[in-house]
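Accompanying notes for the structure given below.
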There are 4 protein chains.
Amino acid sequence: MSIRAAVLPAPDQKIELREYPEPELAPGGVLLKTEFSEVCGTDVHLQDGHLQGVPYPIIPGHVSVGRIEKMRGTVKDEHGQPFKEGDQVGFMDVVGSCGKCWYCQVAKASTRCPERKVYGITMPADGLFGGWADKILLRPDVQLLRFPEGLTAEDYIGGGCGLNTAFHAVERAQIRLGDIVLVQGAGPVGLSCAAFATLSGAHEVWMIGAPSKRLEFGRKMGVDRSWDLASTTLEARREEILSRTHGRGPDIVIEATGNPKAIPEGLDLVRDQGRYVVVGHYTDAGEIPINPHTQINRKHVEIRGSWGSDFSHFYRSIQVQAKHKDRFLWREMADRTYSLDDAQKALDAVRAQEVVKALIRPV
Amino acid sequence: MSIRAAVLPAPDQKIELREYPEPELAPGGVLLKTEFSEVCGTDVHLQDGHLQGVPYPIIPGHVSVGRIEKMRGTVKDEHGQPFKEGDQVGFMDVVGSCGKCWYCQVAKASTRCPERKVYGITMPADGLFGGWADKILLRPDVQLLRFPEGLTAEDYIGGGCGLNTAFHAVERAQIRLGDIVLVQGAGPVGLSCAAFATLSGAHEVWMIGAPSKRLEFGRKMGVDRSWDLASTTLEARREEILSRTHGRGPDIVIEATGNPKAIPEGLDLVRDQGRYVVVGHYTDAGEIPINPHTQINRKHVEIRGSWGSDFSHFYRSIQVQAKHKDRFLWREMADRTYSLDDAQKALDAVRAQEVVKALIRPV
Amino acid sequence: MSIRAAVLPAPDQKIELREYPEPELAPGGVLLKTEFSEVCGTDVHLQDGHLQGVPYPIIPGHVSVGRIEKMRGTVKDEHGQPFKEGDQVGFMDVVGSCGKCWYCQVAKASTRCPERKVYGITMPADGLFGGWADKILLRPDVQLLRFPEGLTAEDYIGGGCGLNTAFHAVERAQIRLGDIVLVQGAGPVGLSCAAFATLSGAHEVWMIGAPSKRLEFGRKMGVDRSWDLASTTLEARREEILSRTHGRGPDIVIEATGNPKAIPEGLDLVRDQGRYVVVGHYTDAGEIPINPHTQINRKHVEIRGSWGSDFSHFYRSIQVQAKHKDRFLWREMADRTYSLDDAQKALDAVRAQEVVKALIRPV
Amino acid sequence: MSIRAAVLPAPDQKIELREYPEPELAPGGVLLKTEFSEVCGTDVHLQDGHLQGVPYPIIPGHVSVGRIEKMRGTVKDEHGQPFKEGDQVGFMDVVGSCGKCWYCQVAKASTRCPERKVYGITMPADGLFGGWADKILLRPDVQLLRFPEGLTAEDYIGGGCGLNTAFHAVERAQIRLGDIVLVQGAGPVGLSCAAFATLSGAHEVWMIGAPSKRLEFGRKMGVDRSWDLASTTLEARREEILSRTHGRGPDIVIEATGNPKAIPEGLDLVRDQGRYVVVGHYTDAGEIPINPHTQINRKHVEIRGSWGSDFSHFYRSIQVQAKHKDRFLWREMADRTYSLDDAQKALDAVRAQEVVKALIRPV
């Protein structure tokens, strides 16, 4: 039986449906029956040709959830327990970190390994390496993760690709119990940062973002107080934030916007000797002036970029999500679900920011 | 007997010699007979009126060395050993960190305490609170430091105010044994950073700076290789530095220039997941554009401002300097010595960059 | 009007009531009207003469809460805001860290400063330096802390001296979001550790302790699962704990028992490359054998003692307690309240372990 | 042509010479012509049957150096540069860390991966997996390391297996510039710890150990001062060490003895809030009593086990060794070289402690 997939043939083209024969499995390979795959801002960048190293045509959909339809040989989880057919799993979209290069082994910076590939982004369509399809082929080096008890496909995919990213960013933020944390950006990454920051000991979590609907939803993700970019000025936000922190600013600021203008605002707001994590700039949106005296040196501040994620973030974020899924409503973060045939419509809705996040449900 | 001092009456005025009566000592106070006091770039900024909160007239000279002439009561060192008259000592120029405020006690960021004052900069002339004078009055809350055996006044003052600053910056850099360290800037702070980086386990220490004479002197301060700003282009430096690091860049970069242009160069050079310490921007030299995607987020880099220093840096830097004074030639960092009467000439020489550092020897 | 105090005249003597004249205030000094003072295990040790450096006679009661009755001059909080008469405050029982010695300044280990004194323990009765009294004299170097909105005297004193201690221990534990945390000991420190661990990102908090009533109360302090020392064997506990952690053991173990036997059990349980915090051994209960091969070297474990606390722990623990006082029921941790006249009865009840903690309410 | 190897057939048996046919290479496999292989204390334990999981018969020799005789396909170094026949290389004796299990991926504790095997220890003779042989078969997952310019086989093998172990231990010690470091133990690990500690910023490195000849050699490895176990008492050592540290003790103590008695001495000596690294207990030498109050809790000390090493330690230790081989005389640490036929004699000499370390030179 053939496999249907929504394919992006090349930059600036529309998604088209194509059919592929069912692939042979390599030893350790898995064929996953897709339950949901995500449509996020990265997919818009893919259609616009803004990313480098993309081997068009591709099947988009880097983060997906499904059930194991077939395996070749024994495939085990991180505790050494074998998977069986029918198991519901997520998987690390990043594969192929070589484990041998200087970055992997000496710097222990696997997210900077030059060999890594990403499902749905830098892997070709004919390998069935993307989630917008009936089935997904998982190479033997893909790390599957069994869902903890109680976690549904809907919970997980609601968090989606932002989950790992946010988990890593909050880990980089090293929040101490009692810290005031400000998140810039109300998208999926920012909202998950709010939840994880709350769980990591933040005394209060504040958010600057837009639109107001997302900030309202932020209340369900741990945000204690928020400022709407559409209805507040930079000066007004600054004044109120400083007055609520005895003139000092938040202990931790996490940038999750992708907008360069957020950087100087964040640096001005974070308190002296505080920490500023930059996780929103996954694509190049240009330069922004900063002042090395007032915004770095004299502040004695720490600024940390946070790129990608590894299996530790994936593993931990899912355990944590499962435990707290009724306190933080990840499942409501995906607004609308589309069929495979409507994949282009899903992409259009994300592009138009009509939705925070869309889902593809192939069957 | 009266005390002679070189006074800066107000911004944009010349230094003038004034005489003051010998002061009364408070309990725990000390009168120091000055051996040497430093003339550094900050003193030029003081004459130009570029610093805020300066209570002109002042006696410049924040870092000095001398011998105890008089004490009132018992004054002890950090080990509880009492000082005696005639002891040769240095002292922390920063006084008055309150030890009670949120920054001192909760953030443990005493260099950001709003109460701190600095000898020779933010303390008035009539208190005899500056080093360009026969004698210096040390308030009871000044922390004196006994010189380790073998350290001379000339060794210590050669390092001068850059010593603590550099020590703190290198501590912030958290060098691991085997790291490649690049220092931007060949002034006193950069040169001491090179020495401390070498001692902290740097595999090689490289320097970008000018003029060539200072880079040559860098060899006596631990620099293994250097690039002269006057004779290399940014592209040429980048190409060679990357080629010497397998295309990755140094593990650690320390900015000690004060020039905003150094920031993007440093961020481009430091390797992914490396660390960038900004210690050169003690005054405001304006803004510079940076790219949050390529220079922070994707690099997974850590940027740390380093402001001021505390007694731990003062204590440790002097122990270390004493032990390694024959390997790293701090004593040669001060080019010329002037009498109190020639203080303006000393300042002129520093302003003209004829010397790295000038000294005042009152007697 | 004279001040009544419950005084411990000497080791092995009974508490007696004495009267003292109202003291003169030094500039910056405060006279506090006592609302509650705590009776804890340390007070039993004081009566038994087990602590060194105690200047009998003393007024016990190291942690207390009250209202400012009188001040001399302006007394400010850590944000620079002046206190006024009638303000409800707690205060750091530890005073006199010198801020000048090597431990204070170079090691930044103020809890190891040899100059520190503790209210109710190492300070004499005639100074009115203890909480079991109508009024308490606060020296100018005592750090007062204003209660956050909503925190009552009952909430605060329920946490009492264990609050800071536990906060510091949990800080030392460096819990990462998703960690399994095991607390050994169900006393006030252990119970507060459970609450702070939960808030710091623990995935689950487990407890080993006794008696069963305290373990039940643990449920109100964040404990997810517990083992009763009275009804489980070491082997049974070990087997179940390993089976619940895929054979590895908890990521973090915090010892809060004071019983040397807990140490080898904790070291055996904590997972390889985990962290073990020892905070329960404030008095000497003797030696215990450990195996350096199986319990330290091969485990690649990290063991951290946690001694005392500083103002950062005091400040943060109270902010956190105020925010979460309805989720974690500190106020129920104090079982019984006694008048000043019944101080000996309170001590007897603590000695007999009839209560977790007793309170003295002077008026 | 057949390959000669010195084989340990079973516990308590003598070494015998056996011949093996030249093996087939798997893709990525390498056949190494052995230049030197090490004989260390672990080999004595192997002959005595003290280690678990050893698949006798084995070819001992976990750390070796040689030249590439044959490769199948392209084999690259950590910078992506291909090796060529004739290259001189070392290799990580530990292979097979799975990269997939919870310890590898979530805890990032690859030295605790249950899949890891060790050349010369837990790998069978018929695979040619040990260094006491003409040639060594390197599996495709063995990580080879190209020697930095100037490093000879003699330099490298002088450091041998203790090099990585010591490097990791010193990394765990987190020495700060200016710290006093005490090393317990004068064997290969202790001596390399001294060198690496010196290079990492130790102000002084002290050693307690025996025999006196090794302590003398310690001077060539960075030791500034030492105490001979044979001629000093515990009390005398303690008194002198405390008096040299203003009564506080060293900032860092590293245990590299394997003798349980060293543990309480080390814990007593390390200063309050210092750090104690236990790296000497690779085999079980029994229990020792410690006092949790005086030696852990009240000291606020940090104790860290250090087990195994990974490629980062291997890579860095060799770069560092190459740079400093004329300052620290690793090459003199191996006392005697034996032929393959004399392997049992080499083992006897190590057992009798006639030598610090022996070498096997097959050809």
ask   = Can you tell which of A:THR232, A:THR34, A:THR42 shows the greatest fluctuation in a Gaussian network model of chain A with Cα springs below 10 Å?
value = A:THR232
request  = At q = 0.17 Å⁻¹, work out log10 I(q)/I(0) for segment C:1-82 with the Debye formula, treating every Cα as an identical point scatterer and leaving solvent out; two decimals please.
outcome  = -0.84
key: Kirkwood Rh (inverse of mean 1/r, distinct Cα pairs), segment B:50-197, angstrom   = 17.1
message = Please compute the modelled spin-label separation between C:ASP341 and B:LYS84, points set 7 Å along Cα→Cβ, answer in nm with one decimal.
response = 6.2
task = Please average, across the residues of D:284-291, the number of beta carbons from any other chain that are within 10 Å of each residue's own beta carbon, and give a whole number.
result = 6
request  = Treating the angle as unsigned and between 0 and 90°, give the value, to the nearest 10°, between the Cα long axis of helix B:188-199 and the longest Cα principal axis of chain B.
outcome  = 70
ask   = Taking only DSSP H segments of four or more residues, each worth -39500 (n - 2.57), what value at 222 nm results for chain C once the sum is divided by all its residues, to the nearest 500 deg cm²/dmol?
value = -7000 deg cm²/dmol
key: Peptide A:351-361 - average C-beta neighbours from other chains (10 Å radius)   = 0
task = About the Cα centre of segment D:247-351, how large is the charge dipole given +1 on each Lys and Arg Cβ and -1 on each Asp and Glu Cβ? Please answer in debye to the nearest 20.
result = 440
remark   = Expressed in angstrom and rounded, the centroid-to-centroid distance over alpha carbons for segment B:263-340 and segment A:105-124 is 32
message = From the Cα trace of segment D:33-128, what convex hull volume per residue do you get, rounded to a whole Å³?
response = 129
For chain B, alpha-carbon Rg and Dmax in angstrom = 20.5, 66
remark   = Rg/Rh over Cα atoms for segment A:151-231, Kirkwood Rh, comes to 0.96
query = What ³J(HN,Hα) values, in whole Hz, does the Karplus curve 6.51 cos²θ - 1.76 cosθ + 1.60 give for segment B:15-27 when θ = phi - 60°, with x put for Gly and Pro?
reply = 5, 10, 7, 10, 10, 10, x, 5, x, 6, 9, 6, x
note = Expected sort for A:251-261, D:161-171 on mean C-beta neighbours within 10 Å, highest first, is D:161-171, A:251-261
task = May I ask what percent, to the nearest 5, of DSSP beta bridges between residues of chain D are antiparallel?
result = 55
query = Using a 1.4 Å probe on the protein chains only, how many percent of the accessible area of segment A:1-117 belongs to carbon and sulfur?
reply = 48
ask   = Using Cα atoms only, what is the angle between the long axis of helix D:161-173 and the major principal axis of chain D, expressed in degrees (0 to 90) to the nearest 10?
value = 40
task = Determine the per residue accessible area of segment D:184-335 with all protein chains present and a 1.4 angstrom probe, expressed in square angstrom.
result = 32
key: Amide H contacts under 5 Å for A:GLU38, placed H, 5+ residues apart   = A:HIS62, A:VAL63, A:ILE360
query = Where the convex hull is taken over the Cα atoms of segment D:173-317, what is its projected area averaged over directions, in nm²?
reply = 8.4
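With a 1.4 Å probe and all protein chains left in place, how much accessible area per residue does segment C:104-155 have, in Å²? Before the final figure, lay out each step's value.
Numbers: 1750 Å² over 52 residues.
Heavy-atom SASA per residue in segment C:104-155 reads 34 Å².
How much of the pair distance distribution for the protein assembly as shown lies past 45 Å, counting alpha-carbon pairs only, in percent?
The share of Cα pairs beyond 45 Å in the protein assembly as shown comes to 47 percent.
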query = What is the dipole size for segment D:150-282, taken about its Cα centre, with +1 at each Lys and Arg Cβ and -1 at each Asp and Glu Cβ, in debye to the nearest 20?
reply = 20
note = Applied in sequence order to segment A:71-83, the curve 6.51 cos²θ - 1.76 cosθ + 1.60 (Karplus, θ = phi - 60°) yields integer Hz couplings, x standing for Gly and Pro, of 9, 10, x, 8, 10, 10, 8, 5, 9, x, 8, x, 7
query = What is the set of long-range amide H partners of C:GLY90 at a cut-off below 5 Å, with H atoms built 1.01 Å from backbone N?
reply = C:LEU145, C:PHE147
ask   = If amide H atoms are built 1.01 Å from N in the plane of the peptide, which residues on other chains or at least 5 residues away come under 5 Å of the amide H of D:VAL7?
value = D:GLU16, D:LEU17, D:ARG18
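Against the 2.2 N^0.38 Å scaling, with N counting residues, where does segment B:133-174 land? I'd like the Cα-based Rg ratio to two decimal places.
Working: Rg = 13.2 Å, N = 42, 2.2 N^0.38 = 9.1 Å.
The reported ratio for this selection is 1.45.
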Share antiparallel - DSSP beta bridges, the protein assembly as shown, percent rounded to 5 = 60
message = Give the aspartates and glutamates whose C-alpha is closer than 12 Å to that of D:LYS220, dropping any in the same chain fewer than 8 places away, or say none.
response = D:ASP326, D:GLU332
key: Integer Hz, Karplus 6.51/-1.76/1.60 couplings in order for segment D:102-118, x for Gly and Pro   = 4, 5, 5, 9, 8, 7, 6, 10, 5, 6, 9, 5, x, 8, 5, 10, 10
note = At 25 °C in a medium of viscosity 0.890 mPa s, segment B:1-46 has a Stokes-Einstein diffusion coefficient, with Rh taken as the Kirkwood radius over alpha carbon pairs, in µm² per second, of 189
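Over the whole of D:6-18, what's the average partner chain Cβ count within 10 Å per residue? Rounded to a whole number, please. The partial results should precede the final answer.
Working: counts 0, 0, 0, 0, 0, 0, 0, 0, 0, 0, 0, 0, 0.
Mean number of neighbouring Cβ atoms from other chains: 0.
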ask   = If you take the accessible area of D alone, add that of C alone, and subtract the area of the pair, what total do you get in Å², probe 1.4 Å, to the nearest 100?
value = 4000
task = Compute the semi-axes of the equivalent ellipsoid of segment C:260-363, taking the square root of 5 times each eigenvalue of the Cα gyration tensor, and list them largest first in whole Å.
result = 35, 20, 12
Over segment C:258-311: Kirkwood hydrodynamic radius from C-alpha pairwise inverse distances, Å = 11.9
key: P(r), alpha carbons of segment B:207-282 - 10 Å bins starting at zero, rounded %   = 19, 53, 28, 1
request  = May I ask for the angle, rounded to the nearest 10°, between helix A:311-323 and the longest principal axis of chain A, with both axes built from Cα atoms and the value confined to 0 to 90°?
outcome  = 80
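Which net charge results when you count Lys and Arg as +1 and Asp and Glu as -1 among the other residues whose beta-carbon is under 11 Å from that of D:ILE175? Walk me through the numbers before you get to the answer.
On the way: positive: B:ARG176, D:ARG172, D:ARG176, D:ARG275; negative: D:GLU171, D:ASP179, D:ASP251.
Spelling it out: positives minus negatives among the neighbours equals +1.
The values are calculated or read from the model by the stated rules, or taken from the named source; none is laboratory data. These numbers were taken from a predicted model, which means no experiment stands behind them. Methodologically, a virtual Cβ is constructed for each residue, glycine included, from the backbone with ideal geometry; neighbour enumeration extends over all protein chains shown. Keep in mind that these areas ignore ligands, DNA and RNA; they rest on the heavy atoms of the full protein, side chains included. Shrake-Rupley method; radii C 1.70, N 1.55, O 1.52, S 1.80 Å.
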